[in-house]
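Notes for the one structure printed next.
The values are calculated or read from the model by the stated rules, or taken from the named source; none is laboratory data. Since the structure is predicted, the reported quantities are computational estimates derived from the model, not experimental observations. Ideal geometry is used to build each Cβ from the backbone, glycine not excepted, and the neighbour counts take in all protein chains shown. Keep in mind that these areas ignore ligands, DNA and RNA; they rest on the heavy atoms of the full protein, side chains included. Shrake-Rupley method; radii C 1.70, N 1.55, O 1.52, S 1.80 Å.
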Amino acid sequence: MADRPKVLEKVLIANRGEIAVRVLRALRELGRRSAVVYSDADRASLPVLLADEAHRIGPAPSAESYLRAEAIVELAREIGADAIHPGYGFLAESARFAALCGAAGVKFIGPPPAAMAAMGSKIESRRLMIAAGVPVVPGGEDPLASPAEAAAAAAAIGYPVMLKAAAGGGGKGMRLVRDADGLAAAYRAARSEARASFGDDAVYLEKLVERPRHVEIQILADEHGNVVSLGERDCSLQRRHQKVVEEAPSPAVDAPLRRRMSEAAVRAAAAVGYANAGTVEFLLAPDGDFFFLEMNTRLQVEHPITEMVTGIDLVRWQLAIAEGRPLAEELDDVEIRGHAFEVRLYAEDPYRNFAPSPGRIERLRLPQGPGVRNECGVYEGEAVTIHYDPLLAKLVVWGADRGQAMERLDRALSELRIEGIRTTAPLFRALLADADFRRGVVDNDMLDRKLAAGELTPTRSALQRELTTIAAALEHLDRHGRRAARSLARGRRDHWRGAGRREALRGT
Ligand code: MV4
């Protein structure tokens with residue numbers, strides 16, 4: 001642990017897309033030098049254009065580029081980078097990568113490897129949380145060795161139950177079991193999925209929490225044992241374990257609950273000797289009980305909504321913490337001001353089962369105006385490939401309250417134009433027209449349910465706008481055609497003169 005702050009003059013960003021842009025913006029504001037790695041597919045990407053330096057790390061497949069832990073640490077040493085920021089995804093939650101950085105004398109901008117490892121295993125983290133007095137979902141503390149053992153455990157905690165992968169997270173290897181009849185098959189399926197996803201087929205049981213919300217607490221911890229909570233984000237709106245919309249604060253959390261969840265999150269972080277920015281995920285039951293799910297030991301995709309309602313720059317604090325600086329007093333009892341939403345713009349077609357939509361971004365007009373923040377990783381003219389996560393950009397809005405934030409989100413979406421590829425943008429306008437969403441009544445399978453029922457098709461206003469555009473084009477064509485016909489009939493030259501003017505303009 002540094003007793004004197006060590007200024008990180010040059011930082012290598014081991015990531016791509018919008019998060020690489022986010023991190024290099026913070027570096028530039030602080031007057032630090034930014035370097036990025038890029039794959040062949042990202043030669044002409046936005047982070048490469050914006051960074052002070054860009055270094056090729058390999059061909060397009062991430063296993064041969066963004067996941068090359070040793071090569072990235074070696075590059076950091078070669079170019080004299082003091083630190084590596086991993087962003088999210090790729091190597092961000094690899095304790096091995098963090099340890100490699102440490103061994104090479106390059107500061108890893110994230111938690112100590114031991115904290116990452118402790119939170120990486122669900123069974124181990126559950127045990128640690130129970131010891132630290134953090135509520136966890138009732139269930140087992142050990143891997144289940146056979147279907148018979150699983151059946152006995154399920155009978156003890158009571159159906160319905162959830163089988164989960166011990167090494168897991170993010171819903172992989174997870175199976176809901178309603179009764180004893182379905183248990184053996186679900187047990188085998190969960191084990192083989194866990195083996196395929198994590199190379200570890202240990203599974204354990206939890207009681208099912210019905211109609212839960214996903215509420216997560218953002219924490220900051222320094223290297224001197226201080227931990228603060230920056231309040232919660234509600235990420236209940238998901239599709240197949242992919243978050244789609246996030247908001248802060250949660251419509252389901254009041255000040256006393258926020259305090260209790262914050263205290264639990266701070267205990268969770270302290271229990272593993274956490275440092276840097278982190279997120280503690282909870283399931284919030286309809287009756288107000290909450291349970292620890294897992295801790296994300298990285299900066300998260302949805303971090304900007306916390307920044308919007310707290311006024312705190314999380315990436316700036318990640319750097320300060322990595323430099324050994326203590327948390328400032330201004331971080332104690334941070335006030336939550338107003339309301340923020342984030343919607344994720346994926347290169348996917350929401351009306352074709354979220355099929356990937358690669359291609360050239362022919363036109364890109366990002367919304368502006370009061371309370372609007374774009375976190376965009378691409379530019380107009382860029383080609384979107386299928387090699388990586390399809391997240392192109394995040395649209396973040398702030399309003400004085402939830403109602404104004406929704407109005408601004410709708411207004412901002414009305415300004416947004418992305419042409420050439422399909423994106424999830426139309427889905428959000430449909431959601432904003434949904435009564436349940438507007439009231440903040442959201443639970444874990446609402447999105448899948450409504451999508452399956454065809455309730456979130458493009459809204460009338462979105463269709464109206466498209467119709468207006470088509471009508472204007474037809475009218476233009478019609479008028480042009482009629483005038484041409486008239487001018488020919490009267491022997492006048494208007495039409496041709498018009499054409500000549502257009503020709504002249506084209507020459508400029
Ligand atoms: C659960 C659950 C219900 N009961 N565990 C685990 C991974 C995370 N991405 C969601 N997980 C869940 N774990 C128990 N014991 C329901 C979910 C869940 C969920 C929870 C809140 C909001 C959205 C969700 C979507 C899918 C699954």
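What do you get for the angle between helix 69-78 and the principal long axis of the chain? Use alpha-carbon atoms, 0 to 90 degrees, nearest ten.
Long axis of 69-78 versus the principal axis of the chain: about 70 degrees.
With the dipole of the chain worked out from charges on the C-beta (+1 for Lys and Arg, -1 for Asp and Glu) around the Cα centre, which of 423, 7, 106 lies farthest toward the positive end?
423
Report the Cα centroid-to-centroid distance between the range 12-36 and the range 58-73 in angstrom, as an integer.
Answer, in whole Å: 18.
For the range 3-45, give the percent of accessible area contributed by carbon and sulfur heavy atoms, probe 1.4 Å, rounded to a whole number. Intermediate values should be presented prior to the final figure.
Details: 770 of 1760 Å².
Whole-percent figure for carbon plus sulfur exposure: 44.
By how many degrees, between 0 and 90 and to the nearest 10, does the Cα long axis of helix 147-157 differ from the longest principal axis of the chain?
Here the helix axis deviates by roughly 90 degrees.
In whole percent, how big is the carbon plus sulfur part of the accessible area of the range 106-264, probe 1.4 Å, protein atoms only?
Numbers: 3290 of 6200 Å².
Carbon and sulfur atoms account for 53 percent of the accessible area of the range 106-264.
Excluding ligands, DNA and RNA, what is the solvent-accessible area per residue of the range 314-362 at a probe of 1.4 Å, expressed in Å²? The partial results should precede the final answer.
On the way: 2240 Å² over 49 residues.
Per-residue value: 46 Å².
Whole number in Å², please: accessible area per residue of the range 138-207, 1.4 Å probe, ligands, DNA and RNA not counted. Show your work: numbers first, answer last.
On the way: 3200 Å² over 70 residues.
With the other protein chains kept in place, the range 138-207 gives 46 Å² per residue.
Which percent of the accessible area of the range 309-370 is formed by carbon and sulfur heavy atoms (probe 1.4 angstrom)? The partial results should precede the final answer.
Values: 1280 of 2950 Å².
Ligands and nucleic acids excluded, carbon and sulfur reach 43 percent.
Could you do me a favour and compute the accessible area per residue for the range 10-108, 1.4 Å probe, result in Å²? Present the calculation step by step, with values, prior to reporting the outcome.
Details: 3670 Å² over 99 residues.
Result: 37 Å² per residue.
Over the chain, what relative contact order in percent results from Cα pairs under 8 Å that are six or more residues apart?
Working: 1012 pairs, mean separation 65.7, N = 508.
Normalised by residue count, the contact order of the chain is 13 percent.
Could I get the Rg over Rh figure for the range 138-207? Both from C-alpha atoms, Rh via Kirkwood, rounded to two places. Write down the numbers at each step before the final one.
Working: Rg = 10.5 Å, Rh = 11.4 Å.
Looking at the range 138-207, the ratio lands at 0.92.
Quick check on the range 213-463: what does the Kirkwood estimate of hydrodynamic radius come out to from the alpha carbon pairs, in Å?
On the way: mean 1/r = 0.0530 Å⁻¹.
Result for the range 213-463 stands at 18.9 Å.
Let me cross-check residue 9: its accessible surface, 1.4 Å probe, with only protein heavy atoms counted, in Å² to the nearest 10?
Using a 1.4 Å probe on the heavy atoms, I get roughly 100 Å².
Pairs of lysines 8 or more apart, or on different chains, with alpha carbons under 16 Å: count those in the chain, would you?
Total qualifying Lys-Lys pairs in the chain comes to 10.
Tell me, how many Å apart are the Cα centres for the range 318-378 and for the range 93-147?
27 Å
Hey, what's the Kirkwood Rh for the range 10-109 if you take every pair of different alpha carbons, in angstrom? Could the numbers behind the result be given before it?
On the way: mean 1/r = 0.0771 Å⁻¹.
Over the range 10-109, the inverse of the mean reciprocal pair distance is 13.0 Å.
Using only helices, what value at 222 nm comes out for the chain when you add -39,500 (n - 2.57) per DSSP H run of length 4 or more and divide by the total residues, to the nearest 500 deg cm²/dmol?
Details: 17 runs with 194 residues, N = 508.
Per the formula, -11500 deg cm²/dmol.
Could you pull out the GluC sites (Glu not before Pro) across the range 168-228 that fall in loop regions by DSSP (anything but H, G, I, E, B) with no more than 16 other Cβ atoms inside 10 Å?
Values: sites: 193, 206, 210, 216, 223; in loops: 210, 223.
Of the GluC sites (Glu not before Pro), the ones in loops of the range 168-228 whose Cβ has at most 16 other Cβ atoms within 10 Å are 210.
If the only charges are +1 at each Lys and Arg Cβ and -1 at each Asp and Glu Cβ, what is the size of the charge dipole of the chain around the Cα centre, to the nearest 20 debye? Working shown, then result.
Working: 70 positive and 71 negative charges, 558 e Å.
Around 2680 debye, computed over the chain.
How big is the chain on each of its three principal axes, counting only the C-alpha atoms and giving the largest first in Å?
Sorted from largest, the Cα extents of the chain read 93, 58, 43 Å.
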